[in-house]
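Student: Dropping a structure here in structure tokens format, bear with me for questions.
Each reported figure results from applying straightforward, stated rules to the coordinates on display, with no laboratory input. In this text, all values refer to a predicted model and were calculated from it rather than measured experimentally. Every residue, glycine among them, receives a Cβ derived from its backbone with ideal geometry; neighbour counts consider all protein chains shown.
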Amino acid sequence: MNVDVLLGLQWGDEGKGKIVDVMTPNYDIIARFQGGPNAGHTLEFEGIKHVLHTIPSGIFHPEVVNLIGNGVVIDPVIFKDELDKLAPYNVEYKSRLLISKKAHLILPTHKLLDAASEMAKGKNKIGSTLKGIGPTYMDKTGRNGLRVGDILSKNFEQKYKALVDKHKNILSHYKEFSYELDELERSWFEGIETMKTLEFVDSEIYIDEAVKSGKKVLAEGAQGTMLDIDFGTYPFVTSSNTITAGTCTGLGVPPTKIGKVIGIFKAYCTRVGSGPFPTELFDQDGKDMGKEGHEFGATTGRPRRCGWIDLVQLKYSIMVNGVSELCMMKGDVLSIFDEIKACTKYIIEGQEVTHFPFDINDHEIEPVYESIPGWRKDLTKLEGMEDAPDAFKSYVDYLEKQLNVPIHVVSVGPDRKQTLDNTK
């Protein structure tokens, strides 16, 4: 068996959590391979909305194992809070939620460093979620990090203190930044005690044995391709590899064992925080899109910037990920428009550009649009694509032709039931 991969193709918030939840019955293991509590995967069913930050999105299916891989960074405080929120729904997770020993821990001082650094940048801030993600990955690559497996070490507290002392020294250089650490540490160590109730595993070995025994594994990505540390809109990116290759480093899966690559995208485009966004709308259409789509960050609560779909950007994401099939989300949101637009190329310094350029931060980019007729009909009650308005079917067909990848799933609402099969 191979490991299938599911990931976002835009700037995050594409609806990955919902699709993982919908697809989970087809798999034995759901494994997160990167990111941390800066992710917000929203699932909605039976009239209840659930937001997961660290826990894989298959947790509500009792027959499935959920694995937090080595590429993930974990905040014990947020992780404990997530587990506590599962309690009212009687989710039995202790036998089905595994954590890689090689996953790194976010310390309270990592979050303080994040806040101090962002404050010091002033108007040049990158829009960090202030969850300590960046500083944690910096310690990881700097070979100073604290890992989940260290919790079991006899000198865990000594290792913790050594890293905190290093962070305090760095924080002392931010003269305007003040903090209180005691209360933060108290809740952090409570989270550590909660983590101890779960099983820590050598995740690369666990996945390898599972695949060899015929188990089906779905690797779940966080954020989106355009936030990838290497291939995203740098420096306005996250601190990990959000693309398919991140599955290899974040779970220990060899490239030869990657199966299907399922790319998730919105029928339009959004972005949270700072950074370039070529098709962003500043007019009433953008405001209406945000209102209709309830576009607020699941983690930060910040309003998302909205714009028309960007095919230049999407083709780039499909290329770097090796996407084999697509899922289109939030098609229902565009029902409010008489006309839909799709960006097919850019004009940069008077030149037409059809590929995603190295740097879009310092250039004035003019998107070139094609217009597609709207449908002006409610899609949220559709039970199948055969019942969809012809104009909506035409939009899906148009995107398939432009992207040269089949769209197998079409979402027309937040509930898991509002998911249409578009396989032909």
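Student: What ranking do 62-71, 88-97 get when scored by the average of other Cβ atoms within 10 Å per residue, highest first?
Tutor: 62-71, 88-97
Student: Which whole-number percentage describes the relative contact order of the chain, with Cα contacts under 8 Å and a sequence gap of 6 or more?
Tutor: On the way: 923 pairs, mean separation 87.4, N = 424.
Relative contact order for the chain comes out at 21 percent.
Student: Would you grab the residues whose amide H sits under 5 Å from the one on Phe296? Only those 5+ places off in sequence or on another chain, please, with H modelled 1.01 Å from N.
Tutor: Arg304
Student: Something else about it: Among rounded, prolate and oblate, which fits the range 256-400 when a ≥ b ≥ c are the square roots of the eigenvalues of its C-alpha gyration tensor, a/c under 1.5 means rounded, and a/b larger than b/c means prolate? Could you put the intermediate results ahead of the total?
Tutor: On the way: a/c = 1.42, a/b = 1.19, b/c = 1.19.
Verdict is rounded for the range 256-400.
Student: May I pose another question? Please state the shape class of the range 34-163: rounded when a/c is under 1.5, otherwise prolate if a/b exceeds b/c and oblate if not, all from the C-alpha gyration tensor.
Tutor: Judged from the Cα gyration tensor, the range 34-163 comes out oblate (a/c at least 1.5, b/c at or above a/b).
Student: If R0 is 25 Å, what FRET efficiency do you get for Phe296 and Leu152 from their C-beta distance, rounded to 0.05?
Tutor: On the way: r = 39 Å, r/R0 = 1.56.
Given R0 = 25 Å and the Cβ-Cβ separation, E is 0.05.
Student: Another question, then. For the range 191-211 and the range 61-99, compute the distance between their C-alpha centroids and round to whole Å.
Tutor: Comparing the Cα centres of the range 191-211 and the range 61-99, I get a distance of 11 Å.
Student: Next up: State the extension gain, in nm to one decimal, for the chain segment bounded by Asn144 and Leu181, taking 0.36 nm per residue of separation less the distance between their alpha-carbons.
Tutor: Numbers: separation 37, 0.36 × 37 = 13.32 nm, distance 2.01 nm.
My answer for the length gained is 11.3 nm.
Student: So for the range 175-325, if I pair up every lysine 8 or more residues apart or on another chain, how many of those pairs have alpha-carbons under 29 Å apart?
Tutor: Lysine pairs meeting both conditions in the range 175-325 amount to 19.
Student: Anyone know which of Gln284, Gln313, Gln402 comes out most mobile in the 10 Å Cα GNM of the chain?
Tutor: Most flexible of the set in this elastic network: Gln284.
Student: Moving on to the next point. Rank-order 261-274, 3-16 by packing density, defined as the average count of other C-beta atoms within 10 Å over each peptide's residues, highest first. Provide the component values of the computation, followed by the final result.
Tutor: Values: 261-274: 24.4, 3-16: 26.2.
The peptides rank, most packed first, as 3-16, 261-274.
Student: Any chance you could give the angle, 0 to 90 degrees and rounded to 10, that helix 108-121 forms with the longest Cα principal axis of the chain?
Tutor: Roughly 50 degrees between the two axes.
Student: Still on this model: Taking amide H positions as placed 1.01 Å from N in the peptide plane, with prolines and chain starts having none, which residues 5 or more places from Ile74, or on another chain, fall under 5 Å of its amide H?
Tutor: Result for Ile74 returns His104, Leu105, Ile106.
Student: Roughly how many whole Å is it from the C-alpha centroid of the range 224-283 to that of the range 125-177?
Tutor: 25 Å
Student: Using the charge dipole of the range 170-251 (Lys, Arg: +1 at Cβ; Asp, Glu: -1 at Cβ; taken about the Cα centre), state which of Gln223, Val201, Phe189 has its Cα farthest towards the positive end.
Tutor: Gln223
Student: Using label points projected 7 Å from each Cα along Cα→Cβ, tell me how many nm separate Thr249 and Ser213, to one decimal.
Tutor: 3.0 nm
Student: Rank these for me by crowding, Met195, Met226, going from fewest to most other beta carbons within 10 Å. Mind dumping the intermediate values first?
Tutor: Details: Met195 18, Met226 29.
Ordered by Cβ neighbours within 10 Å, fewest first: Met195, Met226.
Student: Taking the Cα centre of the range 265-424 as the origin, how large is its charge dipole in debye, to the nearest 20, when only Lys and Arg (+1) and Asp and Glu (-1) carry charge on their Cβ atoms? Please list the in-between numbers first.
Tutor: Values: 19 positive and 27 negative charges, 108 e Å.
Value, rounded to 20: 520 debye.
Student: Connecting C-alpha atoms closer than 10 Å in a GNM of the chain, tell me which of Ser411, Ser172, Ser203 has the biggest fluctuation.
Tutor: Highest fluctuation among the options: Ser172.
Student: Next question, about the same structure. Pull up all non-local amide H partners of Lys345: gap of 5 or more, or a different chain, and H-to-H distance under 5 Å with H placed in the peptide plane.
Tutor: Answer set, sorted by chain and number: Val368.
Student: Run lengths n ≥ 4 of DSSP H only: what is the helix-derived mean residue ellipticity at 222 nm for the chain, with -39500 (n - 2.57) per run over all residues, to the nearest 500?
Tutor: On the way: 11 runs with 123 residues, N = 424.
Result for the chain, helices only: -9000 deg cm²/dmol.
Student: In degrees, nearest 10, range 0 to 90: what is the angle between the Cα axis of helix 76-86 and the longest Cα principal axis of the chain?
Tutor: 60 degrees
Student: Could you derive backbone 3J(HN,Hα) for the range 244-253 from the dihedral phi with the Karplus parameters 6.51, -1.76 and 1.60 (θ = phi - 60°), listing whole Hz in sequence and x where the residue is Gly or Pro?
Tutor: Taking θ as phi minus 60°, the curve returns 3, 4, x, 5, 5, 7, x, 9, x, 8 Hz for the range 244-253.
Student: Taking 0.36 nm per residue of sequence separation and subtracting the Cα-Cα distance, how much length would be gained by fully extending the chain between Lys168 and Gln351, in nm to one decimal? List each step's numbers first, then the result.
Tutor: On the way: separation 183, 0.36 × 183 = 65.88 nm, distance 4.98 nm.
Full extension of this stretch gives 60.9 nm more.
Student: Sticking with this one: If a/c stays under 1.5 just call it rounded; otherwise compare a/b with b/c (prolate if a/b is bigger, oblate if not). Do that for the range 263-327, with a ≥ b ≥ c from the square roots of the Cα gyration tensor eigenvalues.
Tutor: prolate
Student: Could you go through the range 205-214 in sequence order and give the Karplus-derived ³J(HN,Hα) for each residue, using 6.51 cos²θ - 1.76 cosθ + 1.60 with θ = phi - 60°, rounded to whole Hz, and x for Gly and Pro?
Tutor: 6, 4, 5, 4, 5, 5, 5, 5, 8, x
Student: Setting aside same-chain residues fewer than 8 positions from Lys140, which lysines have a Cα under 18 Å from its Cα?
Tutor: Straight-line reach from Lys140, under 18 Å: Lys101, Lys102, Lys111, Lys131, Lys159, Lys161, Lys166, Lys168.
Student: With charges only on Cβ, +1 for K and R and -1 for D and E, what is the dipole size of the range 141-238 about its Cα centre, in debye, rounded to 20?
Tutor: Working: 13 positive and 18 negative charges, 56 e Å.
Dipole about the Cα centre, nearest 20: 260 debye.
Student: Would you mind computing the Rg to Rh ratio of the chain from its alpha-carbon coordinates, Kirkwood style for Rh?
Tutor: Numbers: Rg = 21.4 Å, Rh = 22.2 Å.
That ratio is 0.97, to two decimals.
Student: Would you kindly state how much longer the chain becomes between Asn2 and Val368 on full extension, computed as 0.36 nm times their sequence separation minus their alpha carbon distance, in nm to one decimal? Mind dumping the intermediate values first?
Tutor: On the way: separation 366, 0.36 × 366 = 131.76 nm, distance 3.96 nm.
Extra length available between Asn2 and Val368 comes to 127.8 nm.
Student: Moving to a separate point now. If you fit an axis through the alpha-carbon atoms of helix 156-171 and take the longest principal axis of the Cα set of the chain, what angle between them do you get, 0 to 90°, nearest 10?
Tutor: Once rounded, one gets 70 degrees.
Student: Still on this structure, please answer the following. With label points built 7 Å along Cα→Cβ from the Cα atoms of Glu190 and Gln284, find their separation and express it in nm.
Tutor: In this crude spin-label approximation the distance works out to 5.0 nm.
Student: I'd like the antiparallel share, as a percent to the nearest 5, of DSSP beta bridges with both residues in the chain.
Tutor: Details: 26 of 63 bridges.
Approximately 40 percent, going by the DSSP bridge assignments.
Student: Considering the convex hull of the alpha carbon atoms of the range 135-279, report its projected area averaged over all viewing directions, in nm², one decimal. Before the final figure, lay out the partial values.
Tutor: Working: hull surface 50.6 nm².
The orientation-averaged projected area of the Cα hull of the range 135-279 comes to 12.7 nm².
Student: Which whole-Hz ³J(HN,Hα) couplings does the range 18-24 yield from phi under the Karplus relation 6.51 cos²θ - 1.76 cosθ + 1.60, θ = phi - 60°, glycine and proline marked x?
Tutor: Result, ordered by residue: 4, 5, 4, 4, 5, 8, 3 Hz.
Student: Using 7 Å Cα-to-Cβ label points, what is the His61/Thr380 separation (nm, one decimal)?
Tutor: A separation of 2.6 nm, rounded to one decimal place.
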